[in-house]
Amino acid sequence: MELDPTVRRELIRKISGNIRPSLRLRGKLKVAAWENTIRLSYLAKRLLDIAVSTLALVLLLPVFALTALSIVLENPGPVFFVQTRVGRNGRHFRFYKFRSMVVNAEKLKTELSTQNESKDGVIFKMKKDPRITRTGRIIRKFSIDELPQLINVLKGDMSLVGPRPPLPKEVAQYTLEQRKRLHAIPGITGLWQVSGRSDIAFTDQVRLDLQYIQSAGIISDLRLLLRTIPAVISGRGAY
């Protein structure tokens, strides 16, 4: 026996009315739980960044002083190299490094553009870059030139771990896939930095950065920080 079409429609309406609010509520609860998990993850990451960068800046003051003195004695000029970089979601910020090159390095870069050894051409790399000073080679080999970025971390522009912050002109050459690197807060160290640094081609750097973004978490950050120590000591891929 078939139900009257009017009765059938009324039953379907009542059943749907009972189910749909329940499903909507469950969906909202899942979204809320996911958003809270993301917020807690960012909070834990930020607290780690503040604690470690503050402690490191205090403990490394003698290294900062000695490095600054060496830079000025060899090639008088600014101690820090300040540059505009692109952060999370395309936001620009002032990026700090110890100056490892001669004062007019940016001007000389144009003349050396034909000698770029980066396979993909997006970034500029030379193993024997003539612009790098003797002090610069030492601080680059052991990543001492990166230490001022602890200031960027403390300010919130960067994190201890994340994709490296690119130059605006590099971002202008990115594909849509490569722009996904900008979805995360940039870091001082990351997955490709502990896997060979500058020896890794740009396309592989992007692949490793995206791999990090998909699996980012406080535990993975701690593991990468620990892996950074032997990578820095070995000096592999640093130039």
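Do you know which of the residues in the stretch 92-135 that are farther than 21 Å from ILE71 by Cα and of a type in the set (S, T, N, Q) is modelled with the highest pLDDT? Result: THR110.
Residue count for the stretch 83-98, restricted to those that are more than 17 Å from the chain's Cα centre (by Cα) and free of Cβ contacts under 8 Å to residues at least 40 places away in the same chain: 0.
The selection criterion, being modelled with pLDDT of 90 or more, hydrophobic (A, V, I, L, M, F, W, C) and either open to solvent by less than 40 Å² (accessible area, probe 1.4 Å) or touching a Ser or Thr at 6+ places or on another chain (Cβ under 7 Å) (or both), does not hold for VAL232. Is it the case that the stretch 73-84 has a residue that's under 25 Å from ILE229 (Cβ atoms), at pLDDT 95 or above and of a type outside the set (A, V, I, L, M, F, W, C)? Within the stretch 73-84 (the criterion being under 25 Å from ILE229 (Cβ atoms), at pLDDT 95 or above and of a type outside the set (A, V, I, L, M, F, W, C)), the answer is no, since none of the residues qualifies.
Among the residues of the stretch 36-68, the one identified as surrounded by 14 or more Cβ atoms within 10 Å (Cβ to Cβ), polar (S, T, N, Q) and closer than 18 Å to LYS155 by Cα is SER53. Summed over the stretch 69-89, the residues that are surrounded by 15 or more Cβ atoms within 10 Å (Cβ to Cβ) and either among the basic types (Lys, Arg) or in a helix (DSSP H, G or I) (or both) give a count of 4.
The values are calculated or read from the model by the stated rules, or taken from the named source; none is laboratory data. Note that the structure is predicted; figures quoted are calculated from it, not measured. Here Cβ is always computed from backbone atoms with ideal geometry, including for glycine, and neighbour counts include all displayed protein chains. Note: accessible area is taken over every heavy atom of the protein model, side chains too, but ligands, DNA and RNA are not part of it. Shrake-Rupley method; radii C 1.70, N 1.55, O 1.52, S 1.80 Å.
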